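These notes concern the structure reproduced below.
Derivation of every value follows stated rules applied to the coordinates shown; laboratory data play no part. Because the structure is a prediction, the values reported are computed rather than measured. Here the Cβ positions follow ideal geometry from the backbone for every residue, glycine too, while neighbour counts run over all protein chains shown.
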Amino acid sequence: MNLLLFTAADRLGEQRIRVTDYRLRHLRQVLGSQAGDELRVGEVGGLTGSGCVEIIDDEQAILTLNLDQPPPPKLPLCLVLALPRPKMLRRVLRTVAELGVGELHLIHSYRVEKSYWQTPALHADSVQRYLLEGLEQCRDTVLPRVECHRRFKPFVEDLLPGLIEGGQALLAHPGDYPPCPRQQREQTLLAIGPEGGFIPYEVEKLVAAGCAPVSLGARILRVENALTALLGRLF
Ligand code: SAH
């Protein structure tokens, strides 16, 4: 945890917060925090700055705040991702928050098992928990927006064109396609397939909606690695 995140529920007033949960355990067990120590804090959706530990014991930590810095900017990216299996989803959500993705659309696709949509990892509070872990890692405070689309065709036909409008759209697809571009500044929509890849019909639909297929080369990467490699390359 490189940033202790808090919300209005933790506030004791303008300048003070009180934490009691996993954050208290982290302060005590990992950081060994003591009264007088300073650490990085941030308000979810707000500013970051420093927090000075006033009191810390078995039950609570009380910190005084000095919040004066905006969180780091997000990438100019809208990510469209075929829903991964639950274990991968958790990692992907952390990575999405950590790398600065502002908007994530999880979509269905032929090779996404229907049961994946039932996973507890997709419940709003779990999604938020994984995203917060990513934010705590990278010192951001702004939760990415996450939307789920359980039907491929209506998403691609009705929503995707609006998401692409005014920017470029790329479809990461292994094969003989142009290489993924580098150092992009413009608003970009990036679609990444499921572990089994998009089927030809889906590729056709995505291309018809305006996505240009791009490749990272001959190696087929796991979704989480493809995500990191693609974002590292693009921005
Ligand atoms: N089994 C599929 C690959 C799926 S990999 C196949 O053989 O085609 C999961 C997703 O990661 C892909 O849909 C793609 O979006 C992305 N990906 C993985 N490796 C890639 C590469 N070399 N180039 C572009 N995208 C890649």
**OP:** Could you work out how far helix 223-234 tilts from the main Cα principal axis of the chain, as a 0 to 90 degree angle to the nearest 10?
**Re:** 90 degrees
Original post:
Say the dipole of segment 4-69 comes from +1 at the beta carbon of Lys and Arg and -1 at that of Asp and Glu; which of Thr20, Ala35, Gly45 then lies farthest toward its positive end?
Top reply: Gly45
Original post:
Per 10 Å bin, what is the whole-percent P(r) computed from every C-alpha pair distance within segment 56-108?
Top reply: 19, 33, 21, 22, 6
Original post:
What is the magnitude of the charge dipole of the chain about its Cα centre, with +1 placed on the Cβ of each Lys and Arg, -1 on the Cβ of each Asp and Glu, and no other charges, expressed in debye to the nearest 20?
Top reply: 740 debye
**OP:** Output ³J(HN,Hα) for segment 209-215: one whole-Hz value per residue in order, computed from phi by the Karplus curve 6.51 cos²θ - 1.76 cosθ + 1.60 with θ = phi - 60°, and x for Gly and Pro.
**Re:** 7, x, 8, 9, x, 9, 10
Subject >> Set of lysines near Lys87 by C-alpha distance (under 18 Å), chain-local residues within fewer than 8 positions excluded >> reply: Lys114
Subject >> 5 angstrom amide H check on Leu143, placed H, neighbours 5+ away >> reply: Gly45
Original post:
If each of Arg185 and Glu14 carries a label point 7 Å out from its Cα toward its Cβ, how far apart are those two points in nm?
Top reply: 4.1 nm
**OP:** Take every Cα pair under 8 Å in segment 4-69 that's 6+ residues apart, average their separations, divide by the length, and report that relative contact order as a whole percent.
**Re:** 34 percent
Original post:
If you take all C-alpha pairs in segment 77-234, what percent of them are over 19 Å apart?
Top reply: 51 percent
Subject >> Relative contact order computed over the chain (Cα-Cα under 8 Å; 6+ residues apart), in percent >> reply: 19 percent
Original post:
Along its principal axes, what span do the Cα atoms of segment 9-70 show, with the longest given first and each in whole Å?
Top reply: 30, 20, 17
**OP:** Return the long-range amide H neighbours of Ala169 (sequence gap of 5 or more, or a different chain), with a cut-off of under 5 Å between placed amide H atoms.
**Re:** Leu189, Ala212
Subject >> Between segment 62-76 and segment 169-219, the alpha-carbon center distance in angstrom >> reply: 34 Å
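Please report, largest first and rounded to whole Å, the three semi-axes of the ellipsoid equivalent to segment 1-114, where each semi-axis is the square root of five times an eigenvalue of the C-alpha gyration tensor.
Over the Cα atoms of segment 1-114, the semi-axes work out to 34, 17, 11 Å.
Dipole of segment 111-235, Cα-centred, from +1 at each Lys and Arg C-beta and -1 at each Asp and Glu C-beta, to the nearest 20 debye?
I would put it at about 180 debye.
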**OP:** For a label point 7 Å from the Cα of Cys52 along Cα→C-beta, name the residues of segment 19-37 whose backbone N is under 15 Å from it.
**Re:** 34-37
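What is segment 91-170's relative contact order, in percent, from Cα pairs under 8 angstrom and six or more apart in sequence? Don't jump to the answer; show the numbers that get you there.
On the way: 72 pairs, mean separation 35.7, N = 80.
The value is 45 percent.
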**OP:** Could you run the Karplus curve 6.51 cos²θ - 1.76 cosθ + 1.60 with θ = phi - 60° over segment 22-27 and give me ³J(HN,Hα) per residue in whole Hz, x for Gly and Pro?
**Re:** 4, 6, 5, 4, 5, 4
